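What follows is a single structure, written as structure tokens, with notes after it.
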Amino acid sequence: MKKLSVLFLALFCLFSFSANAQISGGATLGLQAPLGDFGDLADMGFGINLNGKYMFNENMAVGLNLGYNRFGGEDFSFGDGDFDVSYSMIPITGLFEYHFGGDAIKPYVGGDLGLYSFGAKMKYEGESESDSELYFGLAPVAGILYDLNENLRLCANIKLHNIFAEGESLSWIGINAGVVIPLN
């Protein structure tokens, strides 16, 4: 255990004192389009994502994401009542990005990997029922950063979320735009 702690401390110091190291925080908003079987159940939605990144060299970043995505559902009638259904996804993921060279405009590719909380809510005649499950998922991403100045960057990306639920796959594509603020 002691050797593992020393290894993590050494890696942390190596990354912390790198001349190119930079920490940034960002947020994106976007449209979320369900795909496949999930697309048969859910309507177009919206999403917000917060992230923190650590650039440990000029081209590579690691970090964390926290998001919230909401989708409408197909309303339906059964017997004498109408049902209103909605879905939500909350990703809590780690990220890796590879940034290609460029001065003001920097394209990147990467991926998110982690946990997704999938929730479903049904309303019927003033009553409400909800349920949620935790699943593993991944999301490849391609995007672009644009440096407005040294303290603010615009970003845009396309992210394909794939959640591995029991016996089925829940997928959606997000088209997102937002800002990134370097913190050091």
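Quick notes on this one:
- Remark: residue 174 matches the filter, which requires a residue to be open to solvent by less than 40 Å² (accessible area, probe 1.4 Å), under 18 Å from the mean Cα position of the chain (by Cα) and within 22 Å of residue 37 (Cβ to Cβ).
- Selection count, the range 20-58, where residues are touching a helix residue (DSSP H, G or I) at 6+ places or on another chain (Cβ under 8 Å) and either at pLDDT 95 or above or assigned to a strand (DSSP E or B) (or both): 3
- Per-region count, the range 59-83, residues part of a strand (DSSP E or B) and modelled with pLDDT of 90 or more: 12
- Residue match in the range 85-105 (condition: among the small types (Gly, Ala, Ser), open to solvent by 40 Å² or more (accessible area, probe 1.4 Å) and in a strand (DSSP E or B)): no
- Of all residues in the range 122-145, those being modelled with pLDDT under 90 and open to solvent by 80 Å² or more (accessible area, probe 1.4 Å) number 7.
The values are calculated or read from the model by the stated rules, or taken from the named source; none is laboratory data. Keep in mind that what you see is a predicted model, and the values were worked out from it rather than measured. Glycine gets a Cβ as well: all are built from the backbone with ideal geometry, and neighbour counts include every protein chain shown. Accessible surface areas use protein heavy atoms only, side chains included; no ligands, DNA or RNA. Shrake-Rupley method; radii C 1.70, N 1.55, O 1.52, S 1.80 Å.
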